[in-house]
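The values are calculated or read from the model by the stated rules, or taken from the named source; none is laboratory data. If you're wondering where the values come from, they're calculated on a predicted model, not measured in any experiment. Please note: Cβ atoms are built from the backbone with ideal geometry, for glycine as well, and neighbour counts cover all protein chains shown. For the accessible areas, the whole protein counts, side chains as well, though only heavy atoms, and no ligand, DNA or RNA atoms are used. Shrake-Rupley method; radii C 1.70, N 1.55, O 1.52, S 1.80 Å.
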Protein chains: 4
Amino acid sequence: MSTDTSAIVAAGFDPAEPEDAVAATAARVSNWGRWGPDDVLGTLNLLTPAKRLEGAACVRTGATFSLSQPFDEAGPQHGWRKRTNPVHTMLGTGHEALDGEFPHGIGGADDVIAMPLQCSTQWDGLGHIFDHGHAWNGRNAAEVVRVEGDLLTGIETAAAHLAGRGVLLDAGRALGDARGELPDSYPITADELDEIAAGQGVEIREGDIVCVRTGQYARTRREGWGGYAGGPAPGLSFTTAEWLHRTGIAAIATDTWGVEVRPNEFEPAFQPLHQIAIPHLGLFLGEMWDLDGLAEDCAADGRYEFFLTAAPLRITGAVGSPVNPIAVK
Amino acid sequence: MSTDTSAIVAAGFDPAEPEDAVAATAARVSNWGRWGPDDVLGTLNLLTPAKRLEGAACVRTGATFSLSQPFDEAGPQHGWRKRTNPVHTMLGTGHEALDGEFPHGIGGADDVIAMPLQCSTQWDGLGHIFDHGHAWNGRNAAEVVRVEGDLLTGIETAAAHLAGRGVLLDAGRALGDARGELPDSYPITADELDEIAAGQGVEIREGDIVCVRTGQYARTRREGWGGYAGGPAPGLSFTTAEWLHRTGIAAIATDTWGVEVRPNEFEPAFQPLHQIAIPHLGLFLGEMWDLDGLAEDCAADGRYEFFLTAAPLRITGAVGSPVNPIAVK
Amino acid sequence: MSTDTSAIVAAGFDPAEPEDAVAATAARVSNWGRWGPDDVLGTLNLLTPAKRLEGAACVRTGATFSLSQPFDEAGPQHGWRKRTNPVHTMLGTGHEALDGEFPHGIGGADDVIAMPLQCSTQWDGLGHIFDHGHAWNGRNAAEVVRVEGDLLTGIETAAAHLAGRGVLLDAGRALGDARGELPDSYPITADELDEIAAGQGVEIREGDIVCVRTGQYARTRREGWGGYAGGPAPGLSFTTAEWLHRTGIAAIATDTWGVEVRPNEFEPAFQPLHQIAIPHLGLFLGEMWDLDGLAEDCAADGRYEFFLTAAPLRITGAVGSPVNPIAVK
Amino acid sequence: MSTDTSAIVAAGFDPAEPEDAVAATAARVSNWGRWGPDDVLGTLNLLTPAKRLEGAACVRTGATFSLSQPFDEAGPQHGWRKRTNPVHTMLGTGHEALDGEFPHGIGGADDVIAMPLQCSTQWDGLGHIFDHGHAWNGRNAAEVVRVEGDLLTGIETAAAHLAGRGVLLDAGRALGDARGELPDSYPITADELDEIAAGQGVEIREGDIVCVRTGQYARTRREGWGGYAGGPAPGLSFTTAEWLHRTGIAAIATDTWGVEVRPNEFEPAFQPLHQIAIPHLGLFLGEMWDLDGLAEDCAADGRYEFFLTAAPLRITGAVGSPVNPIAVK
């Protein structure tokens, strides 16, 4: 799969110089210091109580959608950097329940799980990515994220925040094929995001949680993950960094492994938009969300906004978390 | 800590005959067949879209509360039945981020977790407890919950459902000491639940998710978990089974290890109310929730209802799930 | 990779009827009852103290060889049936050791691991495989191997036994290519095992632990594991079942994923020799051993016998165990 | 349990100044540089092939002893620093084996484990403990032991080495009560080690693997672990550091949680002998070994030497490993 450099070239970047592009972009969009030196929330500062009123006002039918992919061995991981699919095992079953270990005929089953926090539908926390050793707000990454976990911006700091107005941008339907799926390596640009919103009749506002559907997960369900979920995929162009900043959204999530287009638009490169979004914007990124059912419903009724609660597990010091996002329309 | 049998004796049960009490109660409150032979949702059938409209209408200020306890090694588990506290470890830190393994100065950290699904703030799924080998809806537990997981009522079936109107009943404040804490072994009765609701000026309605605060977690935070979270605790009396049925609530959660009073009111006994609630009512039980911050806010403004989203992780076949419940007022 | 049926056809089996072949072979070689109804050791009964004297007498130079493959993320697993490579993570590092959490300048690091017990160099215990619901010695598998583990023949019963005389049969060197490697799907027959032993000038005796090197691991090191370690491989023909019985060896191990030739010689089939060896012979099978260094040494000095200690971890109820077998020559 | 300072006071140390004692002792016994700047084996350099001949010559009866405690939920851990007991779960059982998922009646069970590498019978590797940020051989701990593991002295470097002559010193029988058990907080001195050896008629020689039985594990089996295995225990006095150096032993193991006496002899202090033994001597320490069965046999026949194979799992980068040590007499 070849790299699509059209968007970054149009924006004036040299595809062979990702480091320059990252530095120049970071300088333009940085939120460092915007919420004070002690901030641990980043763009979640923009997800205010008022946004939750706005979100609650979107509830019209009460229909709910889980935006989580299944957590099981059929998931996208193949062991890269110790990222496996979840290993869920039982500590009891209905067979053993009949054995009378407990009194008065009660029986039960427990279970355990071992999983990378980045194994399936997830949030990247603010301690997940660094730029030249700098974590969110300009901090020294080595002081913040240690072997004990993220001492400052652990995902627990976001535990109560990720509920508000959600907006779906269905890029797959707007720009993709007859099935509503974008091809791999397709970089979605800021102009396209604006056009999709306009076409859907929905407005992107400060503090929103934006969900961008590319259609890749629909194709994956049909055809399998192939070699690895981190392979080629449609996704956000690096050039959307300024859109992410300008709109003031609180978080963004996609139905792909890594939010941004793969292969990345520079060469060599590894997730350069992450390098802007997390440490410089303080933006929460959601990955591997299942947006297909929600998208069907939005296409049917023409309403692309909803109340979205996407609460990470309150794991002390985690740099990410599995999540089961719930959209209520 | 001695067993308090007052409530079950008043209800005409023999404290030495839990099996009779369970059988008689199950016969009175059973929901088997109520939603057809194939049902996998139990009382979540009562949590309708209309309930989410009702829940959304409770949102007035947009303030949010995470009802999750921290997931870390300071948690309540000590290894009983292989239930440990979560073991969260890092696959990268800010130190190593400086090493230049990746291009253009990007660095990052991942993490993994190994944990029992019942280790902290959680939902019990419908496959968690059986009565004499019968699972929810009268099914043969041995056919439903196997070593691969719950083949029929795995927690993933509930993934999209647990959002709606939440109601807090602050039993600790209503019945407890000056700190708003009930003593261990205190059995909360149905009459008391009704009195608390009346005193708070809130109505319990069909399809609600009810949160009962006993105050034990507040004490635990101050004094530590002691030997084990499964030790003595205030909680629901076995005699509330009919209240749980009559009210038609969709789910109930407490700030204790096991929802029901400990020691259990019969002798010997092990969680007899679970034996009714899960396999016979099909009721979702939430355990080890942190209701203290929410309770403060409710006491302050006198509003005990809110929009509650408590989405389990979508773990295929799980009989329970960690959860970060989010209340929005 | 096509199935090689030559050996089973020569032995009079119908490649389309594995069930008949298994039944007929089991009838001929069964050890059920041989060591009494309560036996939990199987062929380890033949690994007597006298064998350890015999093994110790093989020690001439004191050179040692670890026969274990590395346990890390570069291993052979890709998630089939939740079999992942081991996930090893740190609870401390040298960075944090400088922080002064502990007194007088002491610092340290711990680590944790999550892994399938069958993930790399391992022993299959007697509870690992069943024939039509029968476990070793004719027991009902459902009563022996439960969700709590193997209640009777857990690997802990073998904890002190697996030390004795080891013999290497280097099939790769004897039958393979210039590199000493057999091609995938090559079924090694009983006659070939005898010829290899004769050619090496070593005798196979009752109670021996036999190591069969095919050379596949050497190729794997050079070329990678490919799709999955459970793919095509050289290995024992199903027809060696009687050799395994007749020789009275205590255990057998290979440098492949599954001891027997892959694809298996029947179609359809899944590890039919396991179905004889474990439940009927009570034979311990070792898989994914690294025999290359030992084989070099044996080829150099012409001595193919040694003292072998291959102690499983004493994991209560386990049906297998990782192992670091140590050969001393 | 009060600290017994008698041994360190007799040796001229100030119980309030552990840092001085550590520094002075390290200066006297350091092995830094002894085996060159690149050494990763420490005192395993002294465990030569000749020692294995010596060990093999100790084999007289062929009787074997597993020196491993059981790995299960009844173990000594309670979660301190995320150290839990092992969590062993099944991926299949004998029930499900009857379901016909596989052809020709084969069925089977797999299992998984999650555990700290320091949870039960184990070796401490050379990356486990540091002195003021210095790892074995004077290296910068921060460069050696990182989040990826021990890059230089990972336990895999020792994989083939830990087999040789083992010697039991039964301090419990020699110095303890009628049951052969030393009381908690009893510091075993170098003179006592020499006296025990003399009394047993066994010589401690360079390159030996020495096992010191205190009897604490026998008491633990009878009375339970109590609060934590890391609580009070008999063990080596800090003052044995010079004995460990002078004798030139390759490794030492005890039947206690932490080799050295607990509470430690200084105040405040944490495992000061480790701080000498691992980073300065390069000595492998074995902990929580079960020496009781072996001790019975040695007492019966008066022979306290044996062939000992104690092979760590070959976990790349691990700073310790579970082990099932096998003594053959």
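The table for this structure:
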quantity: Test for A:Trp289: is it open to solvent by less than 10 Å² (accessible area, probe 1.4 Å), within 18 Å of A:Pro232 (Cα to Cα), aromatic (Phe, Trp, Tyr) and in contact with a strand residue (DSSP E or B) (Cβ under 8 Å, 6 or more places away or on another chain); calculated: yes
quantity: Which listed residue, of A:Ala253, A:Ala241, is touching a Gly at 6+ places or on another chain (Cβ under 6 Å) and modelled with pLDDT of 95 or more; calculated: A:Ala253
quantity: Index of the failed condition, C:Ala163 passing every other in (1) of a type in the set (A, V, I, L, M); (2) in contact with a strand residue (DSSP E or B) (Cβ under 6 Å, 6 or more places away or on another chain); (3) farther than 28 Å from C:Gly302 by Cα; calculated: (3)
quantity: Flag for A:Glu195 being acidic (Asp, Glu), within 21 Å of A:Glu54 (Cα to Cα) and open to solvent by 30 Å² or more (accessible area, probe 1.4 Å); calculated: no
quantity: Selection within the range D:126-139 - facing another protein chain (nearest Cβ under 9 Å) and either in a loop (DSSP other than H, G, I, E, B) or open to solvent by less than 10 Å² (accessible area, probe 1.4 Å) (or both); calculated: D:Gly127, D:His128, D:Phe130, D:His132, D:Gly133, D:Ala135
quantity: Candidate set: the range A:25-37, residues that are open to solvent by less than 50 Å² (accessible area, probe 1.4 Å) and either within 12 Å of another protein chain (Cβ to nearest Cβ) or in contact (Cβ under 8 Å) with a residue 60 or more places away in the chain (or both); chosen: the one farthest from A:Ser237 (Cα to Cα); calculated: A:Gly33
quantity: Residue list for the range D:198-218, filter: assigned to a helix (DSSP H, G or I) and open to solvent by less than 40 Å² (accessible area, probe 1.4 Å); calculated: D:Gln200, D:Gln216, D:Tyr217, D:Ala218
quantity: Enumeration of residues in the range A:56-88 that are open to solvent by less than 40 Å² (accessible area, probe 1.4 Å) and more than 8 Å from chain B (Cβ to nearest Cβ); calculated: A:Cys58, A:Leu67, A:Gly75, A:Pro76, A:Gln77, A:Gly79, A:Thr84, A:Asn85, A:Val87
quantity: Flag if A:Gly100 is modelled with pLDDT under 95, open to solvent by 20 Å² or more (accessible area, probe 1.4 Å) and not assigned by TED's automatic domain parsing to the domain that holds A:Ala141; calculated: yes
quantity: Filter result (aliphatic (A, V, I, L, M), more than 10 Å from every other protein chain (Cβ to nearest Cβ) and under 19 Å from D:Glu19 (Cβ atoms)) within the range D:278-294; calculated: D:Leu281
quantity: Subset of the range B:163-202 [of a type in the set (Asp, Glu) and under 20 Å from the mean Cα position of the chain (by Cα)]; calculated: B:Asp170, B:Glu181, B:Asp184, B:Glu192, B:Asp194
quantity: Positions within the range C:140-174 being more than 8 Å from every other protein chain (Cβ to nearest Cβ) and charged (D, E, K, R), in sequence order; calculated: C:Arg165, C:Asp170, C:Arg173
quantity: Residue selected from the range A:242-277 under the condition within 14 Å of chain B (Cβ to nearest Cβ) and small (Gly, Ala, Ser), by the criterion surrounded by the most Cβ atoms within 10 Å (Cβ to Cβ); calculated: A:Ala277
quantity: Residue within the range C:185-192 that is assigned by TED's automatic domain parsing to the domain that holds C:Val261, in contact with a strand residue (DSSP E or B) (Cβ under 7 Å, 6 or more places away or on another chain), open to solvent by less than 10 Å² (accessible area, probe 1.4 Å) and part of a loop (DSSP other than H, G, I, E, B) present; calculated: no
quantity: Single match in B:Ala318, B:Ala295, B:Ala233 (criterion: open to solvent by less than 10 Å² (accessible area, probe 1.4 Å), under 20 Å from B:Arg205 (Cα atoms) and modelled with pLDDT of 95 or more); calculated: B:Ala295
quantity: Selection count where residues are closer than 18 Å to D:Ile155 by Cβ and facing chain D (nearest Cβ under 7 Å), scope the range C:316-329; calculated: 3
quantity: Residue tally, condition open to solvent by 10 Å² or more (accessible area, probe 1.4 Å), among the β-branched types (Val, Ile, Thr) and over 29 Å from B:Leu308 (Cβ atoms), over the range A:145-181; calculated: 0
quantity: Check on C:Gln118, in contact (Cβ under 8 Å) with a residue 24 or more places away in the chain, facing another protein chain (nearest Cβ under 7 Å) and polar (S, T, N, Q); calculated: yes
quantity: Where A:His95 falls short, out of the listed (1) at pLDDT 95 or above; (2) within 30 Å of B:His280 (Cα to Cα); calculated: (1)
quantity: Of all residues making up the range D:1-23, the number that are under 24 Å from the mean Cα position of the chain (by Cα) and free of Cβ contacts under 8 Å to residues at least 60 places away in the same chain; calculated: 2
quantity: The range C:142-171 - residue that is assigned to a helix (DSSP H, G or I) and free of Cβ contacts under 8 Å to residues at least 40 places away in the same chain and, of those, farthest from C:Ile276 (Cα to Cα); calculated: C:Glu143
quantity: Residue in the range C:15-22 that is open to solvent by 30 Å² or more (accessible area, probe 1.4 Å) and in contact with a Leu (Cβ under 8 Å, 6 or more places away or on another chain) present; calculated: no
quantity: So C:Thr309, is it open to solvent by less than 10 Å² (accessible area, probe 1.4 Å) and of a type in the set (S, T, N, Q); calculated: yes
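Conditions (1) in contact with a Lys or Arg (Cβ under 8 Å, 6 or more places away or on another chain); (2) farther than 30 Å from B:Trp225 by Cα, marked per residue:
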{"residue": "B:Ala27", "(1), (2)": "no, yes"}
{"residue": "B:Gly33", "(1), (2)": "no, yes"}
{"residue": "B:Val59", "(1), (2)": "yes, yes"}
{"residue": "B:Val87", "(1), (2)": "yes, no"}
